[in-house]
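Heads up, the thing below is written out as structure tokens.
Every number here is computed from the coordinates shown, using simple stated rules; none is lab data. Bear in mind that the values here come from a model prediction, so they are computed numbers and not experimental data. Note that we place each Cβ from the backbone using ideal geometry, even for glycine, and neighbour counts take in every protein chain shown.
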2 protein chains.
Amino acid sequence: MGPAIRSKRTRRRRDALADREHSAPVEMPSRHGLPPAEVLTAEQIEDVHAYSTRLLEEVGIEFMLPAAWDILEANGAKVDRDSGMVKMDRGLVEHWVSKAPSTFDLKARESSRDISFGGKEIAYGSVASAPNALDAERRRTVGSQSSFRDLLKLSHTLSTCSFFSGYPVEPIDLPVNTRHLDCYADLLTLTDKPFRIYAIGETRVTDALDMVCLGHGINRDELREAPRLITNLNVNSPLRVDAPLLEGAMEMARNGQIVVVTPVAFSGAMTPITLSGTLIQFNAECLATIAFLQMVRAGAPVMYGTVFANVDMKSGAPILGSAEMSTGMIATGQLARRYGIPMRGFLGSSSKAPDAQAAYETMICLWANVLAGVHCVFHAHGLLDTGLIASYEKAVLDSDLIGMMQVVSPTVDFSDLDEAFDAIKTVGPGGHFLGADHTMARYKTAFHTPLLSDWRAYEFWESDGAKDTAVRATEKWKELLDSYVPPDLPAGRAEALEEFVIRRKQEIGDMDI
Amino acid sequence: MGPAIRSKRTRRRRDALADREHSAPVEMPSRHGLPPAEVLTAEQIEDVHAYSTRLLEEVGIEFMLPAAWDILEANGAKVDRDSGMVKMDRGLVEHWVSKAPSTFDLKARESSRDISFGGKEIAYGSVASAPNALDAERRRTVGSQSSFRDLLKLSHTLSTCSFFSGYPVEPIDLPVNTRHLDCYADLLTLTDKPFRIYAIGETRVTDALDMVCLGHGINRDELREAPRLITNLNVNSPLRVDAPLLEGAMEMARNGQIVVVTPVAFSGAMTPITLSGTLIQFNAECLATIAFLQMVRAGAPVMYGTVFANVDMKSGAPILGSAEMSTGMIATGQLARRYGIPMRGFLGSSSKAPDAQAAYETMICLWANVLAGVHCVFHAHGLLDTGLIASYEKAVLDSDLIGMMQVVSPTVDFSDLDEAFDAIKTVGPGGHFLGADHTMARYKTAFHTPLLSDWRAYEFWESDGAKDTAVRATEKWKELLDSYVPPDLPAGRAEALEEFVIRRKQEIGDMDI
């Protein structure tokens, strides 16, 4: 057994032990908690399909990139080159959408971190793209490389987090044109969990592709064989796809990397106020963009992405974690399954603090994701304030919510029925099971222990400072951040990445890329 | 139109308006959020039935009341009069359990408050039986008539609360032998929502039956025709039913009132540590007790009650709102439907404060109740500290969780598809729906507004005191309590109840009843 192998085993054991101490599930990504629910009838699903495709036939969708028009026209779409409006008939949409694969993997540097999409697993990611960080002591601060690295390390320690949905927080103190280089270097060295890149324009994507090859020790051909990066293309709803996002997504698709297509479906503002109307617009936007990406490269891995929300009709502000959203999420899950395309969900809250509102909004989202049958969940560790805040405390809180949800089982193990029967017979009326053999054989692993829940008697809790969940979450993230150990990295990789970053920074200089 | 009718209409309108101001759903009891989920296979359901009935055949269950033995023996059960152990064979259990009705109503003084059990509705009740009250200012105080009345009034104002699961808090300052008289007088005058009585011994039940007749203006024959009271019989798990509870439940059944049979199924302590073992013991206890109550009066309305929880294996303390419990609740829902008996659930938390833990534990319970297909939910407004605390803030918080859950819809309205299509066409790329006709026609009622959620921008929230959900809950319960208006009561009823209470207090005196 060579030293590399030994080191890997040792690390795995150390991780497993650390996980057990946190009492969070060791297995990642998680099982589905329960089978998907259904809120649309079979007829309604076909209604959505019919109205969505009619929308693309009669109204069309605006693609803001001329390079995309050529591909679309070459494949039979009608493009109005003055307005950028693209019309596709139903058959064309169906033809190309059917080429999207129904399962694929996102490979990590270590295969133990690989993620499968399209099966029964749900992979939960970190919070992403927040302009602000928040913790109990420093309060709200503008995102920086320091908080970016903190949140990277914190999510690396959380066993429920299996990938990074993006930069946990925007490091505003780094120059915008080379920020991606520093961030991807960190994402490839401070953690070995896979991550989502921001595919904004071709240059940034090319840099990311080069860097993941350096970090994973592979070449571009190997990269094209299996996805190691994921990105998100937000449709600028209603009915518009922006140029830099199209350019980036095309480059990702050409290289066989994963593109999540996510219309910003905020009912009442970016989509109609009714769920019915939201579903047809949302589905049209997904289908058109997915069809286009399949024209770029047939079989490119894509996902059907939802960030269902509605706006507060008093203020126009979007709300994450509203009750209405649950029904919409479950409905889009049915649509994703109709097309056989893996689905991306999200967790969110509009609360400004890691309080009861944060917990109930996130929990309603979480159940909606599970019952929608999603395959991956963006923003699942730390989002507050509708995405404007990445919270240290909330990252830990979310890990607990997810850990609890992973315990909700779709099946019940009946293998001990006879043993249990005998235990009941032996204990009998007036007895208790605390010391029964049947209990003693199982008590260590029987129940899940969340990170934050305080189950002690009131008097103990009070004499220990009457700490609410938010206060305990502060203690817990500090403890986790202290326990952070960087992942092993084969010799030379960090140096190669550093060289690359230095060279590219010189090349980019002050360019507006 | 007579004055009584006018007064009723006026009150209904006033209630409806008050409800709209609170933005909580007006309709009560609520619809099911989603159809029930399933975690047991059809074969496993029959396994539970087989092992449960075998348990009653081979081991039996202890009934601690000799008067019950006579009835059991007369109907074919085998009673060991030394130990009180009762054995029933499978056929006997099945015969009597099949006599339990699958639907019935709990009638209120006003028919608008009536509750149906066994259909698609879920009725959520108040917290009950807590020894302590908790609010942000007075902190934890021993329950008193003052906090009892406060919590009665507060739950009366909450539109999500359709009945009282018992005394919201125990008024410890009232003498224990006549406490029920004062409490039932309050429950019949300060609110017109139905309530659960404590059927502990025959005397208290008889008093309650007399008092509900006085309060509702009916006689004992009318009372026997349709239930107006509900009680809860906790099986003293494992396998024991206490004498005073049996005596009280028998008196309720004889009078056609509702008895909920609820084994205390705390896995690891009162039932086996595995869900499989818990299910067979729990089901055996339910079946035996329900069969017995059907022997007392065939067709007596009974419910299959669950308080699934597990104990913390470190301390032995029960935990309400654990993840494991969800699977158990859903499984018991399948059992209740197998027997065609309406099911009672619960909401709970082990948190000591109305914080994130309180919200996530209660939310996991709430989804479990909905997915279990329960018909009524005890302890749904205000429970903290595993039932040891009735919290003013938590009552409001729970109302919000329930209000949100009532919005999660099992179906989607597609009646506006053409209108929505036209709205999307009209708005087009780059537009928004905020001012669209389709939006304007619906925005007032489109989305649910919770009582406590703060959806404003961070800056507004911060300059307004950076209040977390718990602080906002304090403001809200004060506002609700201030808005409390007692329900109209026909002339003479309050006086009749007062006279009854005075007379009975004299009769009872210092007796130990």
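Below are the figures for this structure:
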{"quantity": "Spatially proximal aspartates and glutamates relative to residue B:107 (Cα-Cα < 13 Å; intrachain offsets below 8 disregarded)", "calculated": "B:192, B:222, B:225"}
{"quantity": "Length gained when the stretch residue A:41-residue A:464 is fully extended (0.36 nm per residue, less Cα-Cα span)", "calculated": "147.0 nm"}
{"quantity": "Inter-chain Cβ neighbour average for residues A:278-285, partner chain, 10 Å", "calculated": "3"}
{"quantity": "Environment charge at residue A:324 (Cβ cut-off 13 Å; Lys +1, Arg +1, Asp -1, Glu -1)", "calculated": "-2"}
{"quantity": "Dipole-positive endmost among A:403, A:245, A:455 within chain A (Cβ charges, Cα centre)", "calculated": "A:403"}
{"quantity": "Ascending count of other beta-carbon atoms within 10 Å, so fewest first, for A:346, B:104", "calculated": "B:104, A:346"}
{"quantity": "Computed over region B:245-395, Kirkwood Rh from alpha-carbon pairs, angstrom", "calculated": "15.7 Å"}
{"quantity": "Rounded if a/c under 1.5, otherwise prolate or oblate - region B:421-462, Cα gyration tensor axes", "calculated": "oblate"}
{"quantity": "Charge dipole (the protein assembly as shown, unit charges on Cβ, about Cα centre) - positive-most of B:184, B:474, A:124", "calculated": "A:124"}
{"quantity": "Shielding by partners - mean other protein chain Cβ count within 10 Å, residues of B:363-373", "calculated": "4"}
{"quantity": "Translational diffusion coefficient (Stokes-Einstein; Kirkwood radius from C-alpha pairs) of region A:363-412 at 25 °C, 0.890 mPa s, in µm²/s", "calculated": "210 µm²/s"}
{"quantity": "Geometric extent, Cα atoms of region A:191-230 - Rg, Dmax (angstrom)", "calculated": "9.7, 25"}
{"quantity": "Shielding by partners, peptide B:109-122 (average Cβ within 10 angstrom, other chains)", "calculated": "0"}
{"quantity": "Mean separation of Cα contacts under 8 Å (6+ apart) over length of region B:74-171, as relative contact order %", "calculated": "24 percent"}
{"quantity": "Long pairs among A:425/B:120; B:78/B:120; A:352/A:467, criterion Cα-Cα beyond 28 Å", "calculated": "A:425/B:120; B:78/B:120"}
{"quantity": "Unit charges on C-beta of K, R, D, E only; dipole of chain A, Debye", "calculated": "800 debye"}
{"quantity": "Distant alpha-carbon pairs in region A:340-386 (separation over 16 angstrom), percent", "calculated": "35 percent"}
{"quantity": "Local electrostatic count at residue A:194 - Lys and Arg +1, Asp and Glu -1, tallied over other residues with Cβ under 13 Å", "calculated": "+2"}
{"quantity": "Kirkwood hydrodynamic radius of region A:39-107, Cα pairs, Å", "calculated": "13.6 Å"}
{"quantity": "Chain B: radius of gyration and largest Cα-Cα distance (Dmax), Å", "calculated": "23.8, 83"}
{"quantity": "Net charge over other residues, Cβ less than 12 angstrom from the Cβ of residue A:422 (K, R count +1; D, E count -1)", "calculated": "-3"}
{"quantity": "Euclidean distance between Cα centres, region B:208-278 to region B:331-364, Å", "calculated": "19 Å"}
{"quantity": "Linear extension gain, residue B:475 paired with residue B:70, 0.36 nm per residue minus alpha-carbon span", "calculated": "140.2 nm"}
{"quantity": "Over 28 Å [Cα-Cα, region A:109-257], rounded percent", "calculated": "19 percent"}
{"quantity": "Helix-only mean residue ellipticity at 222 nm for the protein assembly as shown, each DSSP H run of n ≥ 4 adding -39500 (n - 2.57), per residue, nearest 500", "calculated": "-14500 deg cm²/dmol"}
{"quantity": "Global geometry of the protein assembly as shown, whether rounded, prolate or oblate, following the gyration tensor of its Cα atoms and the 1.5 cut on a/c", "calculated": "prolate"}
{"quantity": "Relative contact order %, chain B, counting alpha carbon pairs below 8 Å whose residues are six or more apart", "calculated": "20 percent"}
{"quantity": "Prolate/oblate/rounded call for region B:382-465, Cα gyration tensor, a/c under 1.5 rounded", "calculated": "oblate"}
